[in-house]
Amino acid sequence: MPLIGFHASHEQIAPAQLLADVQFAEQAGFDAAMCSDHFEPWSAVQGHSGFAWSWLGAALATTNLRFGVVTAPGQRYHPAIIAQASGTLASMFPGRFWAALGSGENLNEHITGDSWPAKEIRQQRLEECIDIIRRMHDGEEVTHRGLVTAERARLWDAPEVKPPLIAPAVSVETAARSAGWADGLVTVNQSHEKLTEMITAYRSNGGQGKLILQVHLSWAPTEDEALEVARVQWGSNSLTPPTTWDLARPSEFEEATREVTEEQLRSTVQISADLAVHAQRLREFVDLGFDELYLHYVGTEQKPFIEAFAAHVLPEVR
């Protein structure tokens with residue numbers, strides 16, 4: 001039976017409301033949760049960007065859910081800080097926390113004032129960070145000099161239960177490369193063909209652990225309303241890599257997606273007013289091999305979505 005979780009979007013909802021939303025999602029029957037870790041939203045209309053790590057402590061303490069976070073060590077965060085943050089949550093809530101470590105997006109990392117490296121350099125930097133984080137989770141004192149520097153970094157509270165370090169990937173190439181270090185793979189809804197290629201690339205290169213899918217979706221009483229929610233709140237996210245990695249400000253995303261088409265929206269967001277259609281699409285993702293689905297309703301009013309999906313979609317998918 002697949003695990004079905006709730007995705008908490010810090011870019012779209014103020015942290016206090018988002019905490020109430022995830023608590024309500026647990027009460028309604030969602031199995032787990034995951035969240036983004038942004039410094040800026042994708043657009044001004046989204047309008048939020050709470051600090052994920054503070055929020056995660058509160059969310060773990062006030063629910064019984066397992067949580068994950070998608071984050072990026074190496075520029076905005078020193079890897080030793082990510083080791084400490086993730087190690088602390090894993091120590092306080094053993095077995096209930098995982099971190100997906102990616103190479104980052106300029107939208108969040110530009111705040112340091114450092115130049116934005118090419119993808120290959122970012123990938124190498126990430127792999128150095130992962131090595132540092134794993135060694136610190138193991139209780140080692142780590143000195144490392146490369147694309148990142150760590151000097152005698154040690155966790156005084158190393159977690160007994162290590163948090164899984166998951167690979168976030170949107171390309172076949174990244175999925176294949178991540179197989180060597182990851183405890184699992186997480187990606188977002190794409191075409192079935194692309195997702196199948198990614199799974200095959202990850203598994204055939206030795207990738208272990210669970211396959212996790214974050215599903216962007218829009219639902220409303222009518223198709224037009226569902227489409228409008230997606231357009232207003234997630235239209236700025238209809239771009240594809242490498243553009244999504246390289247733009248630096250919400251205004252740049254807004255400008256680049258000013259003429260977004262319905263076809264582009266539907267390729268990014270699962271849009272339908274029919275709950276049965278949503279259930280069928282989610283079952284298809286399970287059939288592809290995904291162990292966990294995290295549902296991201298791209299609107300800002302989460303309660304109607306949570307109630308409707310808990311009553312009519314989750315039982316069908318399970």
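A few remarks follow.
- Rolling a 1.4 Å probe over the heavy atoms of the protein chains gives the chain an accessible area of 42 Å² per residue.
- Amide proton proximity set for Gly102, modelled H, under 5 Å, gap of 5+: Thr71, Ala72
- Mean separation of Cα contacts under 8 Å, 6 or more apart, over the residue count of the chain: relative contact order %: 20
- Semi-axes of the equivalent ellipsoid for segment 161-249, Cα gyration tensor, largest first, Å: 29, 15, 13
- Using the Karplus relation 6.51 cos²θ - 1.76 cosθ + 1.60 with θ = phi - 60°, the per-residue 3J(HN,Hα) values for segment 215-224 come to 10, 7, 9, 9, 9, 7, x, 10, 4, 4 Hz, with x marking Gly and Pro.
- Within a Gaussian network of the chain (alpha carbon springs, distance under 10 Å), most fluctuating of Glu223, Glu105, Glu128: Glu223
- The chain: antiparallel DSSP beta bridges as a percent of all, rounded to 5: 10
- In whole angstrom, the chain maps to an equivalent ellipsoid with semi-axes of 30, 22, 19, each derived as √(5λ) from the alpha carbon gyration tensor and ordered largest first.
- Rg/Rh for segment 219-278, where both radii come from Cα atoms and Rh is the Kirkwood radius: 1.03
- GNM flexibility winner over the chain from Ala52, Ala167, Ala150 (Cα, springs under 10 Å): Ala150
- For segment 1-131, diffusion coefficient by Stokes-Einstein and Kirkwood Rh (Cα), 4 °C, 1.567 mPa s, µm²/s: 84
- Spatial separation of Cα centroids for segment 83-112 and segment 46-74, in angstrom: 9
- Highest-fluctuation residue, His296, His192, His216 considered, GNM on the chain with Cα pairs under 10 Å: His192
- Here the accessible area is traced with a 1.4 Å probe on the protein chains. For the chain, carbon and sulfur cover 51 percent of it.
- Set of lysines with alpha-carbon distance to Lys162 below 22 Å, sequence-local pairs under 8 removed: Lys210
- Set of aspartates and glutamates with alpha-carbon distance to Lys119 below 16 Å, sequence-local pairs under 8 removed: Glu105, Glu109, Glu127, Glu128, Glu173, Asp246
The values are calculated or read from the model by the stated rules, or taken from the named source; none is laboratory data. Note that the structure is predicted; figures quoted are calculated from it, not measured. These area figures cover heavy atoms from the full protein model, side chains too; ligands, DNA and RNA do not enter into them. Shrake-Rupley method; radii C 1.70, N 1.55, O 1.52, S 1.80 Å.
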